[in-house]
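Student: One structure coming up, written as structure tokens, with questions to follow.
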């Protein structure tokens with residue numbers, strides 16, 4: 001059991017510190033460190049860790065670890081803290097069509113930002129849907145674009161140099 005625990009800790013470290021695009025690549029890195037694993041074992045470990053494969057800006061994919069900071073989640077949900085707007089550096093633009101907000105991000109950032117928005121439980125936002133670089137957020141009917149910008153300023157670095165369409 002100790003061997004598995006050490007292997008899983010090493011997997012976490014490798015994924016956090018490297019751009020790993022395949023199980024084969026990860027298995028090679030583990031083997032270099034003395035952990036020879038089968039593809040099935042590695043697959044189970046990755047599933048248990050709830051890793052995700054996201055596209056990169058180079059047209060490839062890489063594994064990422066989920067953000068498992070449950071304390072942050074609880075504080076966001078209760079409104080006790082606002083999200084640190086520098087945390088999501090992938091923000092590109094914000095635009096509106098009626099009660100729908102479209103948030104553009106760098107590739108791979110949309111899911112994490114949408115999760116933070118949903119966890120905040122802002123009453124003005126009914127929900128979000130995220131792709132790899134776009135979030136669609138549905139606002140309550142009575143929320144105009146100016147009020148929506150105020151709401152999103154809690155999550156996004158809405159500076160004058162950021163496009164708002």
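Computed from the coordinates by the stated procedures, all read-outs in this text should not be read as laboratory data. Keep in mind that what you see is a predicted model, and the values were worked out from it rather than measured. Positions of Cβ are generated from backbone atoms using ideal geometry, with glycine treated the same way; all protein chains shown enter the neighbour counts.
Student: Give me the extension gain from residue 39 to residue 129: residue separation times 0.36 nm, minus the current Cα-Cα distance, reported in nm with one decimal.
Tutor: Numbers: separation 90, 0.36 × 90 = 32.40 nm, distance 3.24 nm.
Between residue 39 and residue 129, full extension yields 29.2 nm more.
Student: First measure r as the distance between the Cβ atoms of residue 65 and residue 28, then evaluate 1/(1 + (r/R0)^6) with R0 = 22 Å and state the FRET efficiency to the nearest 0.05.
Tutor: On the way: r = 19 Å, r/R0 = 0.88.
About 0.70, to the nearest 0.05.
Student: Here is a follow-up. As a footprinting exposure proxy, order 29, 48 by other Cβ within 10 Å, with the fewest listed first. Provide the component values of the computation, followed by the final result.
Tutor: Numbers: 29 16, 48 11.
With the fewest neighbours first, 29, 48 line up as 48, 29.
Student: Label points 7 Å out from Cα along the Cβ direction at residue 138 and residue 48: separation in nm?
Tutor: According to this spin-label approximation, the distance is 3.9 nm.
Student: Follow-up. Test of understanding: ordering 139, 65 by Cβ neighbours within 10 Å, fewest first, what list do you get? Don't jump to the answer; show the numbers that get you there.
Tutor: Working: 139 22, 65 14.
Listing 139, 65 from fewest to most nearby Cβ atoms yields 65, 139.
Student: I need 25, 32, 150 ordered by Cβ neighbour count within 10 Å, fewest first.
Tutor: Working: 25 15, 32 8, 150 12.
Listed from fewest to most nearby Cβ atoms, that is 32, 150, 25.
Student: Once both labels are modelled 7 Å past Cα along the beta-carbon direction, what's the residue 158-residue 19 spacing in nm?
Tutor: Between residue 158 and residue 19, the label points sit 3.3 nm apart.
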